[in-house]
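For reference, the structure is listed below as structure tokens.
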Amino acid sequence: MVLASCAVLKPPPRVDLVKYDYKFLLENHSRWQQSIKTLKADARITLDSPLYSGNFNAEVLRQGADSLLVTVRGPFGMNMGKVFVNKKRFVFYNQVMNQFLMGEREDFRSRRFLQFPVSVDQLMQILSVQDRFMVLKKREFEQRDGQYYLEAENGHYRYRIWFDPANLLISRVEYFDLESDRLSYYKTYENYTLIDGIYFPQLVNFVRPEEKEGLSLIFTNVEINRPVSPRAFLIEIDEAATQLDLDL
């Protein structure tokens, strides 16, 4: 106890705008995303909106940048539903109702399903912990709230991005619509932990402030860059299942 009380605490990393400019931070973020080739994790997902609030457990399996399988589980590990997305295909199988949707990913890209307050593409980005930025035009780069702060834009959004000086990764990113300058949504990434040699956030939040909608994920049992069998992404649909009409 005496030794512990005499130990010198290491000061937290400080922002150094000369050593790390905004281009380095964006490139570092891109390298970090590309370093995650496969991801397997359990997730506790909480939904909150005026129409629905609740939580459930799921298993998230990702391979590469475009293949994602989400298996939703109920009490006692019962399978309730599965969502599969890759570059071309989308499959949603409601095992409780024995109904499914299937088709080209492009047809589902901007659609929502179940009570999720996000589109299919946004859900994939959240579960994969992805924020892909095209070429950005810098508007402001400074120290703010003890972190690196970048304000930039492209042809679609104006972004406000905070980078944690401890790991030089994003802690918060806000998406503003360029035409209306309205905050469309924001994400936060917290509790970065070194897993299999790579930092990974164990808490992710997605919020639409005006709509009062939110989605929160707590990741556990995370495995990164371990071999994943292609068969793990196969979804067996019951022969008696009903295929839903996309137009409805």
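All conditions but one from (1) surrounded by 11 or more Cβ atoms within 10 Å (Cβ to Cβ); (2) closer than 18 Å to Leu39 by Cβ; (3) modelled with pLDDT of 95 or more apply to Asn221; the one that does not is (1).
I'd like the full set of residues that are aliphatic (A, V, I, L, M) and either surrounded by 19 or more Cβ atoms within 10 Å (Cβ to Cβ) or modelled with pLDDT of 85 or more (or both), limited to segment 72-101.
Val72, Val83, Val85, Val91, Met97
Quick check on Ala166: is it in contact (Cβ under 8 Å) with a residue 24 or more places away in the chain and not in a strand (DSSP E or B)? Judged against the criteria, Ala166 is a match. The set of residues in segment 199-248 being part of a loop (DSSP other than H, G, I, E, B), in contact with an Asp or Glu (Cβ under 9 Å, 6 or more places away or on another chain) and closer than 19 Å to Ala58 by Cβ consists of Arg226 alone. Evaluate the following for Leu203: is it surrounded by fewer than 17 Cβ atoms within 10 Å (Cβ to Cβ), at pLDDT 95 or above and either within 12 Å of the chain's Cα centre (by Cα) or of a type in the set (A, V, I, L, M) (or both)? Judged against the criteria, Leu203 is a match.
So Ala152 clears everything in (1) exposed (fewer than 13 other Cβ atoms within 10 Å of the Cβ); (2) touching a Lys or Arg at 6+ places or on another chain (Cβ under 6 Å); (3) of a type in the set (Gly, Ala, Ser) except one condition, right? Which one? Against the list (1) exposed (fewer than 13 other Cβ atoms within 10 Å of the Cβ); (2) touching a Lys or Arg at 6+ places or on another chain (Cβ under 6 Å); (3) of a type in the set (Gly, Ala, Ser), Ala152 comes up short only on (1).
The values are calculated or read from the model by the stated rules, or taken from the named source; none is laboratory data. Bear in mind the structure is a predicted one, so any value in this text is a computation, not a measurement. Here Cβ is always computed from backbone atoms with ideal geometry, including for glycine, and neighbour counts include all displayed protein chains.
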